[in-house]
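**Q** Pasting a structure below so you can have a look.
The values are calculated or read from the model by the stated rules, or taken from the named source; none is laboratory data. This is a predicted model, so every value here is computed, not measured. Positions of Cβ are backbone-derived with ideal geometry, glycine not excepted, and every protein chain shown enters the neighbour counts. Please note that ligands, DNA and RNA were not included when accessible areas were found on the heavy atoms of the full protein model with its side chains. Shrake-Rupley method; radii C 1.70, N 1.55, O 1.52, S 1.80 Å.
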Amino acid sequence: MSIKTNILGEIVSGIVNDRIEIIDLSQLLNESTPVISLPEPFANTGGFKFLPISKYDEKGPNFYWNDFIAGEHCGTHFDAPIHWISGRDHDGVDTMPMKNMVGEACVINITKEVDENPDYCLTVEDIKRFEEEHGEITKHSWVLVYTGWSKYMGNHEKYFNVGEDGQPHTPGISKEASLFLSIERDILGVGVETVGTDAGIAGTFEPPFPNHHYMHKANKYGLAQLTNLEKLPPRGAVLIINPLKIENGSGSPIRAIALVEKE
Ligand code: MN
């Protein structure tokens, strides 16, 4: 006689009985939510706009509802491979495989390095150090780069950290680390706390914005403006992301959540 274990039932009862905690990795979406700001001559996103329709008033006495306008790349959001020219033949948000919306989160802590140098970019050595301690990053995992930068989210000046050179000084991922993760480890993608998955000064790198270039070239994803990464263990959390099914969409705001098993 075979005993069939009900895995999904165990997950649901774990959530109901608080043995599994659900961590909200998304920041609040409103008109002051920061969005990336590109220099001239590039066009920029309009961010998030809230347009009230009615609120128990003459326009709708029994109900409250709103419209909103939002950039695909606004607030906590998802970058699809077609976001970048190197990934133009790959998936958009409407065509990505559903199974890729769920995977283990590997959380690499570089908060010390970033405290000392806001331009710090995750290195292959950082990844190998993580793997020595926590085991090899498995295929179909997310790599979340924990920099601590989300603590600046309410303060635009600190969040963008524009220097006297006019450049934003925010952390990112080195070209070599992006290549290593996308090719050698075959991950789903990377997630960061800043407005984009590349460092603030990465427009000056070769190629420009190397993480976008190599991740999306390899049909991998990006997650930006995550928060609460300090609440995740280095391994074992299950990350769930849910981009809107925008036809030919290059990205989408998401409600990113992580399932964490309590000890
Ligand atoms: Mn983006």
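**Q** When the helices in the chain are scored as -39500 (n - 2.57) per DSSP H run of 4 or longer and the sum is shared across all residues, what 222 nm value do you end up with, to the nearest 500 deg cm²/dmol?
**A** Taking each H run of at least 4 residues, the total per residue is -4500 deg cm²/dmol.
**Q** Roughly how many debye, to the nearest 20, is the charge dipole of the chain about its Cα centre, given +1 on each Lys and Arg Cβ, -1 on each Asp and Glu Cβ, and no other charges?
**A** Here the chain has a charge dipole of around 760 debye.
**Q** With a 1.4 Å probe and all protein chains kept in place, how much accessible area does MET101 have, in Å² rounded to the nearest 10?
**A** Spelled out: MET101, probe radius 1.4 Å, area about 20 Å².
**Q** So, one more: So which of LYS175/LYS231; LYS158/LYS217; LYS128/LYS262; LYS217/LYS245 end up more than 23 Å apart by C-alpha?
**A** Check vs 23 Å cut-off fails for LYS175/LYS231; LYS158/LYS217; LYS128/LYS262.
**Q** Based on the alpha-carbon gyration tensor of segment 74-169, what equivalent-ellipsoid semi-axes (square roots of 5 times the eigenvalues) come out, in whole Å, largest first?
**A** Gyration-tensor ellipsoid for segment 74-169: 26, 22, 13 Å.
**Q** Once you wrap a convex hull around the alpha carbon atoms of segment 118-164, what is its projected area averaged over all directions, in nm²?
**A** Projected over every direction and averaged, the Cα hull of segment 118-164 covers 4.6 nm².
**Q** If the chain between ASP24 and ARG88 were fully stretched, how many nm would it gain, using 0.36 nm times the residue separation less the Cα-Cα distance?
**A** 20.0 nm
**Q** Roughly how many Å is it from the Cα centre of segment 162-199 to that of segment 221-263, as a whole number?
**A** 16 Å
**Q** Okay, moving on. Grab the Cα-Cα distance for LYS49 and VAL124, subtract it from 0.36 nm times how many residues apart they are, and report the gain in nm with one decimal.
**A** 23.1 nm
**Q** A further question follows. What lysines does LYS59 reach when the alpha-carbon gap must be under 26 Å and sequence neighbours fewer than 8 apart in one chain are set aside?
**A** Excluding near neighbours in sequence, the set is LYS49.
**Q** Provide the packing ranking of 110-121, 196-207, i.e. peptides ordered by the mean count of other C-beta atoms within 10 Å per residue, highest first.
**A** 196-207, 110-121
**Q** Per the Kirkwood definition applied to all pairs of different Cα atoms, how many angstroms is the hydrodynamic radius of segment 1-107?
**A** 18.7 Å
**Q** Could you check the simple spin-label distance between HIS156 and TYR56, using points 7 Å along Cα→Cβ, in nm with one decimal?
**A** It is 3.3 nm.
**Q** While we're looking at this one, here's another question. What's the ranking of 43-54, 239-250 by average number of surrounding C-beta atoms within 10 Å, highest first?
**A** 239-250, 43-54
**Q** Okay, next question. Assuming R0 = 35 Å, what is the FRET efficiency of PHE42 and ASP186, from their Cβ-Cβ distance, to the nearest 0.05?
**A** After rounding, the FRET efficiency stands at 0.65.
**Q** Please turn the phi angles of segment 66-74 into ³J(HN,Hα) values with the Karplus equation 6.51 cos²θ - 1.76 cosθ + 1.60 (θ = phi - 60°), one per residue in order, whole Hz, x for glycine and proline.
**A** Karplus-based 3J(HN,Hα) across segment 66-74 equals 9, 9, 9, 10, 9, x, 4, 10, 9 Hz.
**Q** FRET efficiency for ASN228 and MET98, Cβ-Cβ distance as r, R0 = 30 Å, nearest 0.05?
**A** The calculated FRET efficiency here is 0.75.
**Q** Further, regarding this structure: Take VAL102, VAL145 and sort them by solvent-accessible surface of the protein heavy atoms, 1.4 Å probe, largest at the top.
**A** Sorted by accessible area, descending: VAL102, VAL145.
**Q** Could you list the square roots of 5 times each eigenvalue of the Cα gyration tensor of the chain, that is, the equivalent ellipsoid semi-axes, sorted largest first and rounded to whole Å?
**A** 28, 27, 19
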